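Input: a single structure, listed below in structure tokens.
The values are calculated or read from the model by the stated rules, or taken from the named source; none is laboratory data. Note that the coordinates shown come from a computational prediction; the quantities given were computed from them, not determined experimentally. The accessibility values were calculated without ligands, DNA or RNA, using every heavy atom of the protein model including side chains. Shrake-Rupley method; radii C 1.70, N 1.55, O 1.52, S 1.80 Å.
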Amino acid sequence: MTQVFPLWVIAIDYVLGVVMWTLIGRFGMRIFLPDDSKFFFMRFFVRATDPLIRLFRPITPAFLVAPLVPLYIAWFFFMVRFYLMPWLLGYTVMGMLSFPLEGEIARSLQQMFGKFFR
């Protein structure tokens with residue numbers, strides 16, 4: 001992976017990716033549980049993402065229902081990872097599944113389960 005991207009790019013993408021997926025996780029958990037649930041995963045998602053939700057409050061539309069706010073903020077992180085990062089690095093197109101975090105996960109899954117689908 002470090003042959004394709006510099007280490008600092010991978011580190012930034014991993015951080016942005018973890019934040020994005022945590023926000024998506026909160027949205028997904030919110031489908032089944034309220035924000036004040038005692039379930040430890042839900043408490044983690046709420047605690048980890050509340051500061052971001054407060055930070056993005058000035059640019060969050062008022063008409064957006066509360067359960068969709070984490071997904072809306074995750075969209076910003078996706079846009080930075082998909083458009084801004086490649087542009088800053090000078091790439092014209094990075095391609096599908098070229099995010100270092102998701103690419104590493106996909107390779108790991110392929111190594112674990114690839115022998116079952118040959």
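For the chain, with every protein chain kept in place, what is the accessible area per residue (1.4 Å probe, Å²)?
Numbers: 8380 Å² over 118 residues.
With all protein chains present, the chain gives 71 Å² per residue.
By how many nm would the segment from PHE39 to TRP8 grow when fully extended, if each residue of separation counts as 0.36 nm and the alpha-carbon distance is taken off? Please report the intermediate quantities before stating the final value.
Working: separation 31, 0.36 × 31 = 11.16 nm, distance 3.51 nm.
Here the segment from PHE39 to TRP8 would lengthen by 7.6 nm.
Roughly how many percent of the accessible protein surface of the chain is carbon and sulfur, given a 1.4 Å probe and a whole-percent answer?
Working: 6030 of 8380 Å².
The C+S portion of the solvent-accessible surface of the chain is 72 percent.
Once the mean 1/r over all distinct Cα pairs of the chain is inverted, what Kirkwood radius in angstroms do you read off? Write out the running numbers ahead of the final one.
Numbers: mean 1/r = 0.0622 Å⁻¹.
Result for the chain, one decimal place: 16.1 Å.
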